[in-house]
1. If you go through the stretch 8-22 one residue at a time, do you hit one that is of a type in the set (Lys, Arg) and farther than 23 Å from SER179 by Cα?
2. Looking at ASP567, ASP550, which is the one that is surrounded by 15 or more Cβ atoms within 10 Å (Cβ to Cβ) and under 20 Å from LYS613 (Cα atoms)?
3. Going by the structure shown, is PRO349 at pLDDT 80 or above, in contact with a helix residue (DSSP H, G or I) (Cβ under 8 Å, 6 or more places away or on another chain) and open to solvent by 60 Å² or more (accessible area, probe 1.4 Å)?
4. Does LEU502 satisfy the condition of being modelled with pLDDT of 70 or more, outside the structural domain of LYS578 (by the TED database) and surrounded by 12 or more Cβ atoms within 10 Å (Cβ to Cβ)?
5. Which residue, of LEU53, LEU37, LEU61, is more than 27 Å from ARG152 (Cα to Cα) and open to solvent by 80 Å² or more (accessible area, probe 1.4 Å)?
6. Do the conditions hold for CYS544, that is, is it part of a loop (DSSP other than H, G, I, E, B) and buried (at least 18 other Cβ atoms within 10 Å of the Cβ)?
7. Given the condition part of a loop (DSSP other than H, G, I, E, B), of a type in the set (A, V, I, L, M), open to solvent by less than 90 Å² (accessible area, probe 1.4 Å) and at pLDDT 85 or above, answer yes or no: does some residue in the stretch 257-267 qualify?
Amino acid sequence: MVDDHPENLLALRAVLTSPNYHLVSASSGKEALKCMLKEDFAVILLDVQMPGLNGFETAELIKEREKTRYIPIIFITAISQDIEHVNRGYSVGAIDYIFKPFNPETLRQKIEQFVKIHQKHEESKLLGEWEHSIEIKEINQELDRTTLNLRRSEALSKVIGETLMDTIVTFDENGHILSVNPSIQRMFGFNEVELLGKHVGELFKVNTEEKVENSQSFILFSMKASIGKVIEAVALRKNGSEFPVDVQIGETIIEGQQIFVCTIRNVTERKQIEEVKKQQFENLEKIVAERTVELRMANENLQKEIEQRKKIADNLYVSEERFRKIFESSPCLKAIISIKEGTYIDANPSWINITGYNYDEIRNQNINILNIVEEFNGDLIDIEQPNRNIRINYKTKSNEIRAGLLSSELIEIHKEICVLIVITDVTDRVLLEKEMSRLDRLNLIGEMAAGIAHEIRNPMTTVHGFLQVARSNRDQLPVEIVDLMMDELTRANSIITEFLNLAKNKVSDRKNQNLNSIIKALFPLIQAEALRSSKHITINLADCPSIFIDQKEIRQLILNIALNGLDAMSPGGKLTIKTYLEEHAVVLKIKDQGSGMKPEVLDKIGTPFYTTKENGTGLGLAICYSIAERHHADIQIATGDNGTTFYIRFNIETNI
């Protein structure tokens, strides 16, 4: 090994030290020539640039001597890389030309191969000429292959060193840089020559908050303490900028000198990715925290909802129990019917007891097993529509016809639409009402009989008196007396006619017609009566549906109330007749501007033969109430100092 730099010789010795061969160092060309005079060598590693004899001149002298002519020479240089220098090296007898920095392993393999070749060459001298020639040939072939492989390895090592992204720095125990790979230019901005001999601490920033007097020594100490580990550090570029790196330190000893190898990797992108991940993690933690709060609130709300649902379930259970108890213990007939199937689902004991059917007989039976019909017209009831207290007749198992008030309501049971039917049995009440009505009629007949007797006795007494006078006096009666008797008989006939109009069993000829048309037909007659007494009448008729009414009876009802209103007003008063629709009823309103009714008079309104008129019979309003009852209508009276108003409401549903 020939080199004028001891450190290079030391590095070569560190790389090439092996028990298989002996290394000899020379610091100049002359010293190398002297060594060759003394010993035999397998291979010569020769530096190109040396003071005195340079590498080329030394090689020429070696090749001139017969003994050393065939020793392989390998040139090693860090400066003379021009092609002309390479060609000259080969021209003076070199077998290889290596540039610094070199791959230690490649050089070691080359030297080992040359040593083996030399050993084999020495052994071949002991062999015969024929064997010697064959061996030489094989050795030459092997040498060619080895040289080719070494060149390939060197080329690959060079390419790897040039393309390696990491920076590799070697430095001694004092921290002085011995060599760097080309990546130093890309990573730090320095070229290779600028850093040789510089302190390795110049490439790093002291990463500590405490003030350090000698930062380079501190960095060197930290690096030596981290041998075999990967440490994080902050590197400094030539322009002063900083960037994060991972540093891995290795060590070796070459010819007794400790050499350190530092691999530096730029981790800027990794740090950026880690920062992004950190930020994403923080954001994720924030989202998780927010979501946790939301879930906690949702859980609390869920717990509240569970408690509420439990309360609802408990209340529902209580409600079901109450409904069941009400359903079972109610005196009314109750049944639940499936709309889809049209059959009974359940019935309460009252239903069973009154109808006479048992549970097995009504379950899954047709809903019209009781033949439920409306009382007034005999039509079947539509239970799929809500009903309220419709008067019905129904038939029991024993064919007994009973009366009741039917109500129905749609309900949902297990997502099935059903109808709840409630029948209030009023058979006993109807019988009682009939009996009371019979007694009332008897009482009314007594009162009416007394009234009729009183009213008819007066005209009959007058006629009887005149007839007695005519019997005792044979002369012809004056016309005035005959007319008076005729008037009294007419009055008696009128009383009897109005009395007959009060009859409850009178048959009404009801037809579907409009109430407004009857009022319009009566208007001229009522208006003429009003004008005769200097009074006024107005009508206000709204659009109303047709209803089933008896035209003659309604005419009489309107005339009776309207004429009473005209009689109650002084000249200049106004009578108003109005119709309008209110909910499910057609309303007839007749209002006068009289002085109103006293409470004691209002209490007796409608009583037969009760009148406040001097020539009245007391049957007009009684007839009106009778007509209203036959038409299922209601009469209401509102009275005051400003007049009296009659409201006659014809219910559309019950009027049919």
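The values are calculated or read from the model by the stated rules, or taken from the named source; none is laboratory data. All values derive from a computational prediction rather than experimental measurement. Reconstructed Cβ throughout: ideal geometry from the backbone, glycine too, with neighbour counts over all protein chains shown. What goes into the accessible areas is simple: the full protein's heavy atoms, side chains included, and nothing from ligands, DNA or RNA. Shrake-Rupley method; radii C 1.70, N 1.55, O 1.52, S 1.80 Å.
1. Quick first cut of the stretch 8-22, residues of a type in the set (Lys, Arg) only: 13.
Subset that is farther than 23 Å from SER179 by Cα: none.
Within the stretch 8-22 (the criterion being of a type in the set (Lys, Arg) and farther than 23 Å from SER179 by Cα), the answer is no, since none of the residues qualifies.
2. Details: ASP550 fails: under 20 Å from LYS613 (Cα atoms).
Exactly one of ASP567, ASP550 is surrounded by 15 or more Cβ atoms within 10 Å (Cβ to Cβ) and under 20 Å from LYS613 (Cα atoms), namely ASP567.
3. Values: at pLDDT 80 or above: yes; in contact with a helix residue (DSSP H, G or I) (Cβ under 8 Å, 6 or more places away or on another chain): yes; open to solvent by 60 Å² or more (accessible area, probe 1.4 Å): no.
For PRO349, the condition - at pLDDT 80 or above, in contact with a helix residue (DSSP H, G or I) (Cβ under 8 Å, 6 or more places away or on another chain) and open to solvent by 60 Å² or more (accessible area, probe 1.4 Å) - is not met.
4. Numbers: modelled with pLDDT of 70 or more: no; outside the structural domain of LYS578 (by the TED database): yes; surrounded by 12 or more Cβ atoms within 10 Å (Cβ to Cβ): yes.
So LEU502 does not fit the description; no.
5. Working: LEU53 fails: open to solvent by 80 Å² or more (accessible area, probe 1.4 Å); LEU61 fails: open to solvent by 80 Å² or more (accessible area, probe 1.4 Å).
Answer to the check: LEU37.
6. On the way: part of a loop (DSSP other than H, G, I, E, B): yes; buried (at least 18 other Cβ atoms within 10 Å of the Cβ): yes.
Yes, satisfied.
7. Filtering the stretch 257-267 for residues part of a loop (DSSP other than H, G, I, E, B) gives 267.
Subsequent filtering for residues that are of a type in the set (A, V, I, L, M) retains 267.
With open to solvent by less than 90 Å² (accessible area, probe 1.4 Å) added as a condition, the list becomes 267.
So of that shortlist, the ones also at pLDDT 85 or above come out as 267.
Looking for residues that are part of a loop (DSSP other than H, G, I, E, B), of a type in the set (A, V, I, L, M), open to solvent by less than 90 Å² (accessible area, probe 1.4 Å) and at pLDDT 85 or above, one finds at least one in the stretch 257-267, hence yes.
Condition check ((1) among the charged types (D, E, K, R); (2) modelled with pLDDT of 80 or more) across all residues:
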{"site": "GLU31", "(1), (2)": "yes, yes"}
{"site": "THR58", "(1), (2)": "no, yes"}
{"site": "ILE62", "(1), (2)": "no, yes"}
{"site": "SER80", "(1), (2)": "no, no"}
{"site": "GLU129", "(1), (2)": "yes, no"}
